[in-house]
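Written below as structure tokens is the structure these notes are about.
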Amino acid sequence: MKVFVSTHPFGETSENPLKLLSENGFSVRLNNHGRKISSQELAEDIKDAEILIAGTEKITEEVLQNAPNLKLISRVGIGLDGIDFELCRKYNIKVVYTPDAPTMAVAELCVGLILDLSRKISFTDVNLKQGIWNRHMGMLLYGKTIGIIGMGRIGKSLIKLLSSFNVSFKVCEPNPDFAFLKMYNIKLVDKEKLLRESDVVSLNLPLKKDTIDYLTLDDLEKMKKSAILINTARGGIVNEQDLFIALRDKIIAGAAVDVFEEEPYKGKLRELDNVVLTCHMGASTIESRTDMETQAVEEAIRYKNNISLKNEVFENE
């Protein structure tokens, strides 16, 4: 069975994923571009692959038209916005992903970014390297209100990690786990109340049709002037131009952004000194990357052996 691995990197944190593919009789071709592949390049490279082990690249109809043998897309990671499920249904292609593997890595990055912004660590580092000795006055996280928009795997893990800071939580989530809410004394609120009353707002929801531009300038203006915003979820959930205006005009105190509408990011947020920018690295730990790649390969093995898939995704997800 032929496999094309479009995600990059692959097999760098551990040899195990490639070893598993070899041991299970797959014929494997890798992305040889040394970077994230474009949809056009994927359409050219996919050829006769029966299984695609994919990253965040967009899988267009051109790709699927050029892959007449494709039966399974195994996504390395959790985000599914690059996959058109209507097209997959049209071409009779199954989709699986690895939702558990990146959870703790993304949650830990959220915590790191919250602390970074609260204590202005990155800003101070830049000053010091410029010869400026400026002890910025930060914000104590202890006793603050944390707003979590989206309480899935990552949102729950973030709450667990932050609970030792003696913070209170407000959550906006359409399908809440009420037992979890009770366990951590979490208040379930609507978006507007969460934005108005939170000192830190973390976005932990998927990018779907109804979450594009989920936060606009009107929403950001509802936040406290002292509040900070964290987006490690997906670019497009926050309107980037509106966020630029909110930060430039000090409508909110700061933001940390790991994900962008177009990546690599080259936009105007880079001009500001009250935003921390990282390069879609939420899952970029050795452990998480190894687990994601391994679990994606294990799904390919299940498919080859006609075993039930563990994490098949359906259109309504």
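The values are calculated or read from the model by the stated rules, or taken from the named source; none is laboratory data. This structure is a prediction, so every number in the text was calculated from the model and none was measured. Methodologically, a virtual Cβ is constructed for each residue, glycine included, from the backbone with ideal geometry; neighbour enumeration extends over all protein chains shown. When the accessible area is computed, the model is the full protein with side chains, heavy atoms only, and any ligands, DNA or RNA have been set aside. Shrake-Rupley method; radii C 1.70, N 1.55, O 1.52, S 1.80 Å.
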- line: In the stretch 264-289, residues that are over 13 Å from the mean Cα position of the chain (by Cα) and assigned to a loop (DSSP other than H, G, I, E, B) total 8
Residue count for the stretch 16-31, restricted to those that are open to solvent by 50 Å² or more (accessible area, probe 1.4 Å) and among the aliphatic types (A, V, I, L, M): 3
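Given the options ASN204, ASN127, name the one that is farther than 25 Å from VAL259 by Cβ and open to solvent by less than 40 Å² (accessible area, probe 1.4 Å). Quick ask: steps written out before the conclusion?
Numbers: ASN204 fails: farther than 25 Å from VAL259 by Cβ.
After applying the criteria, what remains is ASN127.
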query: For the stretch 181-197, does any single residue satisfy the condition of being in contact (Cβ under 8 Å) with a residue 12 or more places away in the chain and under 18 Å from the mean Cα position of the chain (by Cα)?
result: no
Subset tally (residues that are surrounded by fewer than 20 Cβ atoms within 10 Å (Cβ to Cβ) and farther than 22 Å from PRO9 by Cβ) for the stretch 37-80: 10
message: Regarding the stretch 142-162, can at least one residue be identified that is loosely packed, with under 15 Cβ neighbours inside 10 Å, modelled with pLDDT of 95 or more and either among the β-branched types (Val, Ile, Thr) or in contact with a Gly (Cβ under 8 Å, 6 or more places away or on another chain) (or both)?
response: no
statement: Reported set for the stretch 5-15 where residues are within 21 Å of the chain's Cα centre (by Cα), open to solvent by 20 Å² or more (accessible area, probe 1.4 Å) and of a type in the set (Ser, Thr, Tyr) is THR13
field: Count of the stretch 225-250 residues which are surrounded by fewer than 17 Cβ atoms within 10 Å (Cβ to Cβ), part of a loop (DSSP other than H, G, I, E, B) and in contact (Cβ under 8 Å) with a residue 12 or more places away in the chain
entry: 3
query: What pairs can you find where one residue is in the stretch 1-16 and within 18 Å of LEU70 (Cβ to Cβ), the other is part of a strand (DSSP E or B) and open to solvent by 70 Å² or more (accessible area, probe 1.4 Å), and their Cβ atoms are less than 6 Å apart, with a gap of 6+ or different chains?
result: PHE4/ARG29; VAL5/LEU30
message: Can you tell me which residue is least open to solvent (accessible area, probe 1.4 Å) among those in the stretch 258-296 that are in contact (Cβ under 8 Å) with a residue 40 or more places away in the chain, under 21 Å from SER118 (Cα atoms) and of a type in the set (D, E, K, R)?
response: ASP258
Residue satisfying condition, being over 22 Å from SER163 (Cβ atoms), more than 16 Å from the chain's Cα centre (by Cα) and aromatic (Phe, Trp, Tyr), within set PHE178, PHE244: PHE244
Residue that is nearest to GLU287 (Cα to Cα), among those in the stretch 98-124 that are open to solvent by 30 Å² or more (accessible area, probe 1.4 Å) and hydroxyl-bearing (Ser, Thr, Tyr): SER122
field: Of all residues making up the stretch 81-97, the number that are open to solvent by less than 10 Å² (accessible area, probe 1.4 Å) and in contact with a helix residue (DSSP H, G or I) (Cβ under 6 Å, 6 or more places away or on another chain)
entry: 2
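Residues to consider are ASN166, ASN134; find the one that is modelled with pLDDT of 95 or more and polar (S, T, N, Q). Walk me through how you get there before you give the answer.
Numbers: ASN134 fails: modelled with pLDDT of 95 or more.
Selected residue: ASN166, the only one of ASN166, ASN134 that is modelled with pLDDT of 95 or more and polar (S, T, N, Q).
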